[in-house]
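Visitor: This is the structure, below, for whatever I ask next.
The values are calculated or read from the model by the stated rules, or taken from the named source; none is laboratory data. Everything quoted here is computed from the prediction, not taken from an experiment. A quick note on method: Cβ atoms are made from the backbone with ideal geometry, for glycine too, and the neighbour counts reach across all protein chains shown. Side chains included, ligands, DNA and RNA excluded: accessible areas come from the protein's heavy atoms. Shrake-Rupley method; radii C 1.70, N 1.55, O 1.52, S 1.80 Å.
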Amino acid sequence: MGSMEEEQPLIEEGPIQEYAEDGSTDINGNPPLKHKTGNWKACPFILGNECCERLAYYGIAMNLITYLTAELHQGNVSAARNVTTWQGTCCITSLLGALLADAYWGRYWTIACFSLIYFIGMSALTLSASVPYLKPSDCVGGFCPAPTTSQYLTFFLGLYLIALGTGGIKPCVSSFGADQFDENDSKERVRKSSFFNWFYFSINIGAFGSLGLVLVQENIGWGLGFGIPTVFMGLAIISFFFGTPLYRFQKPRGSPVTRVCQVLVAAFRKMNLTVPQDPTLLFQNETKHIKHSDDYNCLDKAAVLSAQEDVSDQWRLCCVTQVEEVKILIRMFPIWASGIVFSSLYSQISTLFVQQGRAMNCEIGSFKIPPATLAVFDCISVLIWVPLYDKLIVPLARRFTETDKGFTVLQRMGIGLFVSVLGIASAAVVEIVRLGNAGSGNAVSLTVFWQVPQYFILGAAEVFYFVGQLEFFYDQSPDSMRSLCSALGQLNFAVGSYLSSVIVTVVTYFTTVDGGGGWIADDLDEGHLDYFFWLLAGLSCLNAAVYVFSAVNYKQKNAL
């Protein structure tokens, strides 16, 4: 996949710059001094915010399926569907946060406002598990009473306020962190690439810390187990505001949706006009240009300057840069779409991997391991692979590729897709062994630690794919659409989560038509979860092949 993407050369030495030259400002609206703002000095507060917020999020998400089955008395299929639907909603709402950031509020204020909504949601969730009137009733013998309407309402209100809050934060934090590095400074440009690695490292530090919350939830109580991440969400907000004097701010540049619609409408109105062969004859009035490209020429009609044209009416005449922004989004779509199956596969970590673990031997002596805590090996894998990639793999790859990033972003994502197939195949093999062991009549079932390889392999796939995806959407997106394009990564995970819900529903329907328990039975010993994992592996192989074709033919953004 060596020809997938052109790369910038290794670091170029240039004159020392006193001010950032990327159009950013400091908190007072002035050009930011480079030695006082941005760069790595501003990043600890952003990374600290992300670490605490992710600890809060995973403190809820990682063991949510257990709460739904053990406390709200839902079945495996209903609980898995609720988890993936909520996870998808957490990502869908990122479109709202991205649009507000790019068009009106800017990334800083969007993060600040939605963090408060997040905190309110966490508080409501804690109350639903702490206040006796709002707590679901315990099972008595074999009878499990259904939760009341008020109990359901309080729990899901808190849960979906969290989904709204995280939707305003996720598309903005990584982009806001990358904004602290001046793209026009060759040294800061390379540091920005490294920032995405350590940003994802911070995410997994938070996820790693949340594993202790699983132990609290299952051994002490859900009220305390939800209350602790609520406190950490408060710390996330404090950390973010502490760094305010050091931040660099990019001004919102208008609604990206409006800019896209203007191009489509203007091109439709001029569908009968001919595009001139000389692209310099097309209309251009913006100081920061994107080079004209030869594909999707029908959109160039939006920039054709006809007789007596009103140049102020952007619904009839758009500049070349605005047209090229739409072309960039179109080119990015196949790369974006390739992550849907990957995200669907990754969502199994918090759903069916946990249920698979529950059907295994979770005891070490007298101590019982909550199966959700095995996600620690996914976190450990990431914490190992991020510094390994940044400090060893990249310098080694540079010797062969002669580019500052070692691998191109598209190559990195492609590697992640292929590694993920190995991860889900490992889960299928473990399930085959588990079913064989369960059917042999052995008194002691297979130990849950057989799941470790599947978590560890998917952790490696994350480092390659998800970090590469973060950098891809930031670097390749138009300047006016950076939050929106970062939200595309979240939307990718949302569609993947919804796809997982659909696949579970469809598989359950077709495998229970004969009256059996189906592949995903409430008692997994009577099902065939291995078949489901092999189905995901097959879809992932097909997805990887489509990705390679799309990546080889991808044309990257070229700014003048």
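Visitor: Under the rule a/c < 1.5 gives rounded, and otherwise a/b versus b/c splits prolate from oblate, where does the chain land using the Cα gyration tensor?
Guide: The shape class here is prolate.
Visitor: A further question on this structure: What accessible surface, in Å², does a 1.4 Å probe find on ILE120, ignoring ligands, DNA and RNA and rounding to the nearest 10?
Guide: Per-residue accessible area (ILE120): approximately 100 Å².
Visitor: Using the beta-carbon distance between ILE384 and ALA307 and R0 = 56 Å, what value does 1/(1 + (r/R0)^6) give for FRET efficiency, to the nearest 0.05? Mind dumping the intermediate values first?
Guide: Working: r = 65 Å, r/R0 = 1.15.
That pair, ILE384 with ALA307, gives E of 0.30.
Visitor: Count charges around ILE349 for me, please; just the other residues with Cβ under 12 Å from its Cβ, Lys/Arg as +1, Asp/Glu as -1.
Guide: Net charge around ILE349: -2.
Visitor: I've got another one for you. Taking a ≥ b ≥ c as the square roots of the eigenvalues of the Cα gyration tensor of segment 256-325, is the shape rounded (a/c under 1.5), prolate (a/b larger than b/c) or oblate?
Guide: rounded
Visitor: Would you calculate a helix-derived [θ] at 222 nm for the chain, using -39,500 (n - 2.57) for each DSSP H run of n ≥ 4 and dividing by the full residue count, to the nearest 500?
Guide: Result for the chain, helices only: -21000 deg cm²/dmol.
Visitor: Could you compute the FRET efficiency for LYS368 and PHE418, with r as their C-beta to C-beta distance and R0 at 35 Å, rounded to 0.05?
Guide: Efficiency computed from Cβ-Cβ geometry: 0.45.
Visitor: Then there's this: Just to confirm a number: summing +1 for Lys and Arg and -1 for Asp and Glu over residues other than SER128 whose beta-carbon lies under 11 angstrom from that of SER128, what do you get?
Guide: Here the charged neighbours net out to 0.
Visitor: Grab the other residues whose beta carbon is less than 12 angstrom from that of VAL467, score K and R as +1, D and E as -1, and report the net.
Guide: On the way: positive: LYS405, ARG412; negative: ASP390, GLU462, GLU471.
Net charge in that neighbourhood comes out at -1.
Visitor: Moving on. Mind listing which GluC sites (Glu not before Pro) in segment 383-463 are in a DSSP loop and have 12 or fewer other Cβ atoms within 10 Å?
Guide: Filter output for segment 383-463: GLU402.
Visitor: Further, regarding this structure: What spacing in nm lies between the two simple spin-label points modelled at THR25 and VAL131, each 7 Å away from Cα in the Cβ direction?
Guide: According to this spin-label approximation, the distance is 4.3 nm.
Visitor: Determine which residues of segment 307-323 fall in the zone a paramagnetic label at THR274 would reach in this model, i.e. backbone nitrogen under 20 Å from the point 7 Å along Cα→Cβ.
Guide: 307-309
Visitor: Leaving ligands, DNA and RNA out of it, work out the accessible area of ASP525 with a 1.4 Å probe and give it in Å² to the nearest 10.
Guide: Rounded to the nearest 10, the figure is 80 Å².
Visitor: What distance in nm separates the two pseudo spin-label positions at LYS187 and ASP479, each 7 Å out from Cα along the beta-carbon direction?
Guide: Taking the two extended label points, one gets 2.3 nm.
Visitor: Which of the residue pairs LYS251/LYS291; LYS36/LYS187; LYS291/LYS555; LYS251/LYS327 have a Cα-Cα distance greater than 19 Å in the structure shown?
Guide: Checking Cα-Cα distances, LYS251/LYS291; LYS251/LYS327 exceed 19 Å.
Visitor: Another question about this same structure. In degrees between 0 and 90, to the nearest 10, how far off the longest principal axis of the chain does helix 149-178 point, with axes built from Cα atoms?
Guide: 40 degrees
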